């Protein structure tokens, strides 16, 4: 059961694997960057691989949007290589000025990828839900370190981060109840 606008753990793993297999499609790579970094789509639109990727450290610099803080997020070496191979100039250089907004194009491609990879529309799973998916994955994998999640998301206040964690805790409790019944 989907309780909010993010992917559950099983679907997150399947989706990430499917995106990795489609790295030759720049739109799939855009979505993979979002799910593996917690980046907002507005931040992705300003991303410049030539300046924002540290190839030696396998990190990505995220130029903050929406009043959050700039941050550095570690990424897999294979994702670093894929980004540097695909994007040798700022992301917005790929978007035609006469076409719909980058975010709208990205949302359409995201919907298509959800259907192709997961086989379902997931109407409630949104681009911003990928940020929540990232936050919850980090929280689970890093011993429930809420401060680490806060820093990786660029939140100024812990209350903003708690929204993601509380949703995860609710899902975990719901799963235990469902298992017990």
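The values are calculated or read from the model by the stated rules, or taken from the named source; none is laboratory data. A quick note: this is a predicted structure, and the numbers were derived from the prediction, not measured. Neighbour counts run over all protein chains shown; Cβ positions are idealised from the backbone, glycine included.
Can you pull out the residues in the stretch 108-135 that are crowded, with 16+ Cβ neighbours inside 10 Å and either under 21 Å from residue 74 (Cβ atoms) or within 13 Å of the chain's Cα centre (by Cα) (or both)?
Passing the criteria: 110, 125, 126, 127, 129, 130, 131, 132, 133, 134, 135.
Restricting attention to the stretch 119-135, and to residues there that are part of a helix (DSSP H, G or I), out of contact with any helix residue (DSSP H, G or I) (no Cβ under 6 Å at 6 or more places or on another chain) and at pLDDT below 90, which single residue is farthest from residue 64 (Cα to Cα)?
Among them, the one singled out is 129.
Quick one: count up the residues across the stretch 136-177 that are in a helix (DSSP H, G or I), touching a residue at least 40 places away in the same chain (Cβ under 8 Å) and over 18 Å from the mean Cα position of the chain (by Cα).
Of the residues in the stretch 136-177, 3 are in a helix (DSSP H, G or I), touching a residue at least 40 places away in the same chain (Cβ under 8 Å) and over 18 Å from the mean Cα position of the chain (by Cα).
What do you reckon, is residue 43 in contact with a strand residue (DSSP E or B) (Cβ under 8 Å, 6 or more places away or on another chain) and in a helix (DSSP H, G or I)?
Details: in contact with a strand residue (DSSP E or B) (Cβ under 8 Å, 6 or more places away or on another chain): yes; in a helix (DSSP H, G or I): yes.
For residue 43, the condition - in contact with a strand residue (DSSP E or B) (Cβ under 8 Å, 6 or more places away or on another chain) and in a helix (DSSP H, G or I) - is met.
What single numbered condition from (1) in contact with a helix residue (DSSP H, G or I) (Cβ under 7 Å, 6 or more places away or on another chain); (2) without any contact (Cβ under 8 Å) to a residue 40 or more places away in the chain; (3) within 21 Å of residue 132 (Cβ to Cβ) fails to hold for residue 58?
For residue 58, the failing item is (3).
I want to confirm something. Restricting to the stretch 50-91 and keeping residues that are assigned to a helix (DSSP H, G or I) and touching a strand residue (DSSP E or B) at 6+ places or on another chain (Cβ under 9 Å), which single residue is modelled with the lowest pLDDT? Break it down into steps so the answer makes sense when it comes.
Restricting attention to the stretch 50-91, the residues satisfying the condition of being assigned to a helix (DSSP H, G or I) are 50-52, 77-86, 91.
Narrowing the set further to residues that are touching a strand residue (DSSP E or B) at 6+ places or on another chain (Cβ under 9 Å) leaves 50-52, 79-80, 83-84, 91.
Numbers: 50: 86, 51: 90, 52: 92, 79: 95, 80: 95, 83: 92, 84: 91, 91: 61.
Ranking the qualifying residues of the stretch 50-91, first place goes to 91.
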